[in-house]
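Presented below is the structure to which this report refers.
The values are calculated or read from the model by the stated rules, or taken from the named source; none is laboratory data. Here the structure is a predicted model, which is why all the values come from computation and not from measurement. Here the Cβ positions follow ideal geometry from the backbone for every residue, glycine too, while neighbour counts run over all protein chains shown.
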Amino acid sequence: MSRLGIIKSSMRGERCCSNQLIDEFVRQSLLKWRNTEVLTWDLTTPTALSASNAVICPMTDKLQQADYLALALCSEDYGCLKQWLERLPYNQNLGKIPLFIFIGGENEAVNLVAQAWLATQLPSVGLSTPVYIESHGSKQSLEAAYRQITKLMAC
């Protein structure tokens, strides 16, 4: 059995295309590997942000048990993710887990700013070398992102 860890950090919910993309990633993962266990952490819930280190440390243990991780981020609202990363302790084992980041921003420039921010933040907890799947709201960029997910699943 493989484990897919999903981290959702968008306050816009289903209106954010990154959540739509990550849902498609999960759907295709379950079609390809039917016995996949999906572990989800929704950072937008009030309890997630008020969590103490005692709660976050077991979460880190669960994260490192994942076979791959996926992060949904609306690039205009990464406050939840920032707070979570500040509390998450460094774990060198996280760097061994493939990481897919789904970014949904208003335009490509906003997505690039989010990627630059992530490049500085992720190494502080041991995460590195993500694969970015992004959309900036247009129908064409969303379709391109869906095609990218399909290509990833073909591997």
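Yes or no, residue by residue, for (1) of a type outside the set (S, T, N, Q); (2) touching a residue at least 12 places away in the same chain (Cβ under 8 Å):
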{"position": "83", "(1), (2)": "no, yes"}
{"position": "86", "(1), (2)": "yes, no"}
{"position": "94", "(1), (2)": "yes, yes"}
{"position": "99", "(1), (2)": "yes, yes"}
{"position": "116", "(1), (2)": "yes, no"}
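Only a single criterion out of (1) in a loop (DSSP other than H, G, I, E, B); (2) at pLDDT 90 or above is not satisfied by residue 100, namely (1). Can you confirm whether the range 67-83 contains a residue that is modelled with pLDDT under 80, more than 15 Å from residue 104 (Cβ to Cβ), touching a Phe, Trp or Tyr at 6+ places or on another chain (Cβ under 8 Å) and assigned to a helix (DSSP H, G or I)? So far as the range 67-83 goes, no, none of its residues is modelled with pLDDT under 80, more than 15 Å from residue 104 (Cβ to Cβ), touching a Phe, Trp or Tyr at 6+ places or on another chain (Cβ under 8 Å) and assigned to a helix (DSSP H, G or I). Would you check if residue 114 is within 27 Å of residue 2 (Cα to Cα) and crowded, with 17+ Cβ neighbours inside 10 Å? Criteria not met by residue 114. Scanning the range 117-135 for residues that are surrounded by fewer than 22 Cβ atoms within 10 Å (Cβ to Cβ) and in contact with a strand residue (DSSP E or B) (Cβ under 9 Å, 6 or more places away or on another chain) yields a count of 6. Exactly one residue among 53, 35 is over 14 Å from the mean Cα position of the chain (by Cα) and at pLDDT below 75, and that residue is 53. Considering the range 62-79 alone, what residues qualify as being touching a helix residue (DSSP H, G or I) at 6+ places or on another chain (Cβ under 6 Å) and in contact (Cβ under 8 Å) with a residue 60 or more places away in the chain? 70, 72, 73, 74, listed by residue number. Restricting to the range 84-97, name every residue that is in contact with a helix residue (DSSP H, G or I) (Cβ under 9 Å, 6 or more places away or on another chain) and either outside any loop (DSSP other than H, G, I, E, B) or among the acidic types (Asp, Glu) (or both). Within the range 84-97, 84, 85, 86, 87, 93, 94, 95, 96 meet the criteria.
Matching residues to (1) acidic (Asp, Glu); (2) farther than 21 Å from residue 63 by Cβ:
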site	(1), (2)
105	no, yes
108	yes, yes
112	no, yes
119	no, no
123	no, no
129	no, no
132	no, no
138	no, yes
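Within this structure, residue 108 fails the test of being free of Cβ contacts under 8 Å to residues at least 24 places away in the same chain, over 19 Å from residue 4 (Cβ atoms) and of a type in the set (D, E, K, R).
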